[in-house]
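The values are calculated or read from the model by the stated rules, or taken from the named source; none is laboratory data. Just so we're clear, the structure is a prediction, and the values are computed from it rather than from any experiment. Every residue, glycine as well, gets a Cβ built from its backbone with ideal geometry; the counts of neighbours run over all protein chains shown.
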Amino acid sequence: MNMNSYDFLVIGSGSAGLSFALEVADQGTVGIITKKNKAESNTNYAQGGIATVLDDTDSYEKHVQDTLTAGAGLCDPDVVAQIVKSGPDTIRKLIEMGAEFTSREGKLHLVREGGHSHNRIIHAADMTGREIERVLLARVEAHPNITILEHHFAMELITEHHLGTKVTKYTEDKHCYGAYVLNTKTEEVERVLAKATLLATGGAGQVYLHTTNPEIATGDGVAMAYRAKARVSNMEFIQFHPTALHHPDADSFLISEAVRGHGAILRNSSGEAFMSEYDERNELAPRDIVARAIDDQLKRRGDDYVYLDVRHISKDEMLESFPNIYAKCLEHNMDMTTDLIPIVPAAHYMCGGVWTTIDGETTISGLFAAGEVACTGIHGANRLASNSLLEALVVADRAAVKAREYAKNSALNEAIPEWDDSGTVNTEEWVLISHNMRELQQIMWDYVGIVRSDLRLNRAFRRTKLLHEEVESFYQRTKVSVPLCQLRNMIAVSYLIIKSAMIRKESRGLHYTTDYPEMKDIIEHHNIL
Ligand code: FAD
Ligand code: SIN
């Protein structure tokens, strides 16, 4: 097997990438490239669970309606219905692979999260993602046709552009032939050819100063697709999770929404439960509402955090349902069953991304996308909790069907040139990268966060443009490295978020601006090129 060409190239080893790989592997060779260790992904940190209709008193219609309500008019109802209806089969498949989800009294235990009208979240205690990643990786590693290349960083998607044809619009006909990939052990850029490529690079939480996402979430997939002139949609809708642990050493560790589903109460510094002032669903209102309520409390009271109160829930129940969260708080000298837990909102999920059909097809032939990097239309202006793992798994499997068909009728494009880094030099200017990254994260946090305004967005746009010019010039002169490529990608993603937010002259779902606090009557989707 040639290690630099495959029938199928998969970029990313989270739930979407691994699931897709398993579905295509019987037809040909599969190369999965992943920039760190194979398990390192947003998937691995998912806590709450997967939303699925499994209870007799629940229905697909209710799950669809809850998703549409959270999505504030921007969901594609057909996509929502199809993904929701695939839920039970998706869970059955994971269980057949060996996934162990929490059961009580012989039945899968279903919990509730914000925006859900029914208990429908299946989970593996508070480490659901780790369990999914575990079973998918075990299958992938056992498959003779699949090769996983760890510490390989995808830098650019290969298209006609690399054969000298200038492509300027996402509407122009173009193809993906693989990717240029930096092997971080040898520091060489490899040309990896494929008949069909799946982008499964996950989200971009790292563009914000405070995020629940691990370091891998730098938006590389969206940035690469944008540079390759794929259609990118709805980037203004960044979800802030209301409850990340506030502690200097806790790195915005997530306290799952399922904790509120178990009855946790949000309290301000005076000890008052404040959510009823904002929404009749109290702590279980959708995330945009809860995050804005917390933001309002912090700004009005000049506080740095609010509290999550679970002291009324028994220790046995906390240990059984949230062993990981309980242990993490204890590590920081907080016992959830006796202490109030300081929390703040943090950037959590990218609802927009590379536009795809429900079958993962992008606007570039041979390029498919699934998972958080993709914008299928299920989430609209705000993702309903625990819908993303479901979407990632369902769309990855559907994309596999299309990619198999596509690969049957296409060949490797050997005319693609090797990476050309002539004229670039090694540099020791790492401070430029680390400083600019901090600056970008601070700009995005201060000006493009939970509450926006024209003034803040314009300021963010100007500052980000300067960073773009500086980093682009540095990139042209410098031998590539992961930190430099990531910074370049984070700037591109920030530009897309800011630009989309500037265009949306209304408040809808996760996009709230003080200059246009009302929602318009018309529905607008924003594609940026
Ligand atoms: P990921 O799982 O993030 O995988 C992306 C992969 O791409 C990684 O392997 C990464 O290393 C690789 N990669 C990225 N860029 C490159 C590159 N340039 N080159 C090579 N490889 C690259 N959703 C739910 O539905 N339920 C939950 O309970 C839930 N809890 C969550 C808790 C936390 C703390 C977080 C952060 C997210 C949570 N989510 C949850 C969201 C959900 O986990 C993600 O949306 C989902 O796992 C995304 O899966 P993915 O396969 O698209 O991406
Ligand atoms: C959580 O457990 O609160 C995260 C769920 C999600 O992001 O869907």
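Checking each residue in segment 204-221 for being near ligand 1 (Cβ under 10 Å from one of its atoms) and either not small (Gly, Ala, Ser) or not in a loop (DSSP other than H, G, I, E, B) (or both) picks out Gly205, Thr211, Thr212, Asn213, Pro214, Glu215, Ile216, Thr218, Asp220, Gly221. The residue pairs whose first member lies in segment 252-264 and is within 11 Å of ligand 1 (Cβ to nearest atom), whose second member is aliphatic (A, V, I, L, M) and part of a loop (DSSP other than H, G, I, E, B), and whose beta carbons are closer than 6 Å, counting only pairs six or more residues apart or on different chains, are Glu257/Ala385. A single entry from Thr197, Thr201 fulfils the requirement of being part of a loop (DSSP other than H, G, I, E, B), more than 16 Å from ligand 2 (Cβ to nearest atom) and surrounded by 21 or more Cβ atoms within 10 Å (Cβ to Cβ): Thr201. Looking at Asn44, is it closer than 22 Å to Gln486 by Cβ, within 13 Å of ligand 1 (Cβ to nearest atom) and in a helix (DSSP H, G or I)? Yes: the conditions hold for Asn44. Of all residues in segment 279-294, none are assigned to a loop (DSSP other than H, G, I, E, B), buried (at least 21 other Cβ atoms within 10 Å of the Cβ) and either at pLDDT 95 or above or among the polar types (S, T, N, Q) (or both). Of the residues that sit in segment 127-150 and are acidic (Asp, Glu) and in contact (Cβ under 8 Å) with a residue 12 or more places away in the chain, which one is surrounded by the fewest Cβ atoms within 10 Å (Cβ to Cβ)? The residue in question is Glu150. Among what's in segment 342-365 and is surrounded by fewer than 24 Cβ atoms within 10 Å (Cβ to Cβ) and of a type outside the set (A, V, I, L, M, F, W, C), pick the residue that is nearest to ligand 2 (Cβ to nearest atom). So the residue we want is Pro342.
For segment 101-115, the set of residues classified as within 12 Å of ligand 2 (Cβ to nearest atom) and either within 20 Å of the chain's Cα centre (by Cα) or outside any loop (DSSP other than H, G, I, E, B) (or both) consists of Val111, Glu113, Gly114, Gly115, listed by residue number. Can you find a residue that is under 18 Å from Asn436 (Cα atoms), of a type in the set (Lys, Arg) and surrounded by 20 or more Cβ atoms within 10 Å (Cβ to Cβ) anywhere in segment 483-494? Within segment 483-494, one or more residues are under 18 Å from Asn436 (Cα atoms), of a type in the set (Lys, Arg) and surrounded by 20 or more Cβ atoms within 10 Å (Cβ to Cβ). When segment 139-182 is limited to residues that are in contact with an Asp or Glu (Cβ under 6 Å, 6 or more places away or on another chain) and modelled with pLDDT of 95 or more, the one that is nearest to Ala225 (Cα to Cα) turns out to be Tyr180. For beta carbons closer than 6 Å, sequence separation of 6+ or different chains, a first residue in segment 19-41 that is touching a residue at least 24 places away in the same chain (Cβ under 8 Å) and under 12 Å from Ile148 (Cβ atoms) and a second that is charged (D, E, K, R) and within 16 Å of ligand 2 (Cβ to nearest atom), the qualifying pairs are Ala39/Glu133. Here Ala16 meets the list (1) away from ligand 2 (no atom under 16 Å from the Cβ); (2) part of a helix (DSSP H, G or I) almost entirely, failing just condition (1).
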